[in-house]
Every structure is written in C-alpha cells, then in structure tokens.
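Structure record follows, encoded as structure tokens.
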Amino acid sequence: MDCLMTLLIQARENDKNAMESIIVKFNPKLQKSLYQTTQQDRNDLKQEIHLKIIEAVYKYDLETVPGLWEFIHTKEDEDMLLQPN
C-alpha cells in the first residue's frame, strides 16, 4: 500500500485510484465512528465524510508539512504553554 503523501500527490493530479486508496485508508476509522450513530444516518454520514476527505485532499497544502524535528519542537512549545506556572 502506498504512503499517504504519495497518494495525496497522485490524487491531486486527478488519479481516481489514488483518491479511492486514500478513502480506503480512512475507512476503518470511519466505520468504527459510524457505529456510534443511528442506522438511518450512517449512509448519509459516510457519503458526507467521503466528500470531506476529497475536499481536504485538494485543500491540503503539501508545502507546509513540517518535518519531524519541526513537529517535535512545535509540540514541545505547545506543551510548555499549557503547563501551569
């Protein structure tokens, strides 16, 4: 299975298989969350979430993805701000 970043790039180039693979990657979490809703709402919610995933693929800014060390330092800074004095 391809990595998510590769699939994002391919999907943004209108690769339908890549877009489908992204949706499939999130499907286990989606199914688990849908079980917390009523049976009548599940199909509608599933379709809405699939649309939101597709929108997110096109809105996601690939240029601003932080590297590992940037991410760690950002999290450390946030943690320091949240600690009581």
- request: For residues that are polar (S, T, N, Q) and either open to solvent by 80 Å² or more (accessible area, probe 1.4 Å) or at pLDDT below 90 (or both), tally how many sit in the range 31-60.
  value: 5
- request: Consider only pairs whose beta carbons are under 7 Å apart and that are at least six residues apart or on different chains; among these, list those whose first residue lies in the range 33-51 and is free of Cβ contacts under 8 Å to residues at least 40 places away in the same chain and over 28 Å from residue 11 (Cα atoms) and whose second residue is open to solvent by less than 70 Å² (accessible area, probe 1.4 Å) and part of a helix (DSSP H, G or I).
  value: 37/45
- prompt: So which of 28, 66 is modelled with pLDDT of 90 or more and open to solvent by less than 100 Å² (accessible area, probe 1.4 Å)?
  reply: 28
message: With the requirement that a residue be among the charged types (D, E, K, R), open to solvent by 70 Å² or more (accessible area, probe 1.4 Å) and out of contact with any helix residue (DSSP H, G or I) (no Cβ under 7 Å at 6 or more places or on another chain), what does the range 1-25 give you?
response: 13, 16, 20
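The values are calculated or read from the model by the stated rules, or taken from the named source; none is laboratory data. Note that the structure is predicted; figures quoted are calculated from it, not measured. Glycine also receives a Cβ, built like all others from the backbone with ideal geometry; neighbour counts cover every protein chain displayed. To get the accessible areas, we keep the full protein, side chains included, count just its heavy atoms, and leave off ligands, DNA and RNA. Shrake-Rupley method; radii C 1.70, N 1.55, O 1.52, S 1.80 Å.
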